Amino acid sequence: MAWMLSGVGIGDGLAMGRAWVLASARLDLPRRRLEPDQVEPELKRFREAVSIVNKELADLKEAMGQEPSAEVSALLELQAIILRDPLLVAATEQRIESDCCNAEWGLLQQLEAVSAQFDEIDDPYLRERKADVQQIVDRILRAMQGDIGLEEAVLESHSQDDDGWILVAKDISPADMLILRRHRFLGFVTETGSATSHTAILARSLGLPAVVGVSGLLNQIAQNDIIVLRSDEGSVLGALTADDQSVYKGQQALYADDLKALEDFKQLASCSLDGVSVLLMANIDLPDDVQIAIDRGCDGIGLFRSEFLFMNRSTIPSEDEQFQAYSAVVKAMGGRPVTIRTLDAGADKEVTALSIGHDRPNNPALASRAIRYSLQSPDLFLSQLSVPPRGQHDNRSHMCLGNVHQAGAMTRLEKKL
């Protein structure tokens, strides 16, 4: 009998394929008592596993070459930082020594202690960073267990002749998702996670349809099951009849055909039936989105929502970081118009570093947000208004910053408001 599970949809699209189930390395790990002379070899085994994972992350970043965006690179660096954190590594070594236990057990005990600390954090975004620690622990455990790399496992599990695959997992790290993206995966579904998890953020950036936070997922799906992922509805379907599969295969083909048909229109001039030209602009959230706008033949960037540079991080972006982001978009558009909006946080757009959006008013339009917040925070506002010195721009470009609009790029502001 057909079944359906619900979660949080990420992206848009419909995918049908075989389930490739990624088991957690944390399942059924025994505790072993060590003799005193076994402790040092066990510490060495643990340290070697940490080194293996550290090299995996470095190799992955290098292998991606020019492909990773700043956002992707930041996520890989975050995992590398976690791997170096004494609260995880050094504390695990202390447990191995003090408890005379195997490295797997010591690492799991330390993970539980760290997870408990995250659970006490009020901020939902910071609390969910527990998942990043769990993902690193999984990688270390796999290294200690001598598992082959994830990419090798994928290559061994299915051939080029197979149907498309959908990844099914308890959770998946951004690093692993970059590997899986290279192969024939149509999307992924996870039992944990939310719309603000790093995996979900990366899924949007890579354009992969996904459903996260699906309770009971791993109890319902077995390896090679035919499943349907509907990211637009946030649902996963299985145990489909042959007729059901035929219907969804047809819908999947229609969706692909619709996308392909739209390609024929992207280079056509945008104008009304009576011949009036209309500029077709794209709205973007992050600098990497500009390439999609270019590929779609847009006439410019109608709105660059700069607040997304501030979200999902514990510190605000520096003036130099913002400058690099804004200038990258302007340069990429090659003289076509670019409109940038100053920070518009609040309501449903939380900025942890500035505590914006946590206390939502009944009427967000009346809250201290957008230009109101910027005028109350002149230092923050000035960092957004600082752009290349006069003369170092194409005068066909323009920036619209909050209530400030000026043709061409504005000169770097040195004085206070």
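The values are calculated or read from the model by the stated rules, or taken from the named source; none is laboratory data. Just so we're clear, the structure is a prediction, and the values are computed from it rather than from any experiment. Cβ coordinates were reconstructed from backbone atoms using ideal geometry, including for glycine residues, and neighbour counts include every protein chain displayed.
Residues are listed down the side, and each one gets a yes or a no for (1) part of a loop (DSSP other than H, G, I, E, B); (2) at pLDDT below 90; (3) within 15 Å of the chain's Cα centre (by Cα); (4) of a type in the set (A, V, I, L, M):
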{"residue": "Glu62", "(1), (2), (3), (4)": "no, yes, no, no"}
{"residue": "Ser73", "(1), (2), (3), (4)": "no, yes, yes, no"}
{"residue": "Leu76", "(1), (2), (3), (4)": "no, yes, yes, yes"}
{"residue": "Ala80", "(1), (2), (3), (4)": "no, yes, no, yes"}
{"residue": "Glu93", "(1), (2), (3), (4)": "no, no, no, no"}
{"residue": "Glu97", "(1), (2), (3), (4)": "no, no, no, no"}
Against the conditions (1) within 19 Å of Asp59 (Cβ to Cβ); (2) of a type outside the set (Phe, Trp, Tyr); (3) at pLDDT 70 or above; (4) buried (at least 20 other Cβ atoms within 10 Å of the Cβ), where does Val154 fall short? Just the number, please.
(3)
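In this structure, does Ile166 turn out to be at pLDDT below 75 and touching a Gly at 6+ places or on another chain (Cβ under 9 Å)? Before the answer, list the steps.
Working: at pLDDT below 75: no; touching a Gly at 6+ places or on another chain (Cβ under 9 Å): yes.
In short, no.
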Selection from region 263-321 of residues that are surrounded by fewer than 18 Cβ atoms within 10 Å (Cβ to Cβ), of a type in the set (Ser, Thr, Tyr) and either free of Cβ contacts under 8 Å to residues at least 40 places away in the same chain or assigned to a helix (DSSP H, G or I) (or both):
Ser270, Ser272, Ser277, Thr315
Near pairs, Cβ below 7 angstrom, 6+ apart or cross-chain, from region 36-47 (basic (Lys, Arg)) to any residue that is in a helix (DSSP H, G or I):
Arg45/Ala103; Arg45/Met144
Using beta carbons and a limit of 6 Å, which pairs, at least six apart or on different chains, have the first residue in region 82-96 and within 17 Å of Pro36 (Cα to Cα) and among the hydrophobic types (A, V, I, L, M, F, W, C) and the second one modelled with pLDDT of 90 or more and not in a loop (DSSP other than H, G, I, E, B)?
Ile96/Glu42; Ile96/Leu43; Ile96/Ala103; Ile96/Gly106
Among (1) part of a helix (DSSP H, G or I); (2) touching a residue at least 12 places away in the same chain (Cβ under 8 Å); (3) not assigned by TED's automatic domain parsing to the domain that holds Leu229, there is one condition Asp244 misses while meeting the rest; what is its number?
(3)
Which numbered condition in (1) at positive phi; (2) at pLDDT below 85 is the only one that Gly213 fails?
(2)
Condition first: assigned to a loop (DSSP other than H, G, I, E, B), touching a residue at least 60 places away in the same chain (Cβ under 8 Å) and under 19 Å from Ala370 (Cβ atoms). Now tell me which residues in region 322-344 satisfy that.
Thr342
I'm trying to understand the selection: among the residues of region 30-59, which are under 21 Å from Arg139 (Cβ atoms), surrounded by 14 or more Cβ atoms within 10 Å (Cβ to Cβ) and not charged (D, E, K, R)?
Leu43, Phe46, Ala49, Val50, Ile52, Val53, Asn54, Leu57
Give region 5-22 a look and list any residue that's within 20 Å of the chain's Cα centre (by Cα) and among the aromatic types (Phe, Trp, Tyr), or say none.
none
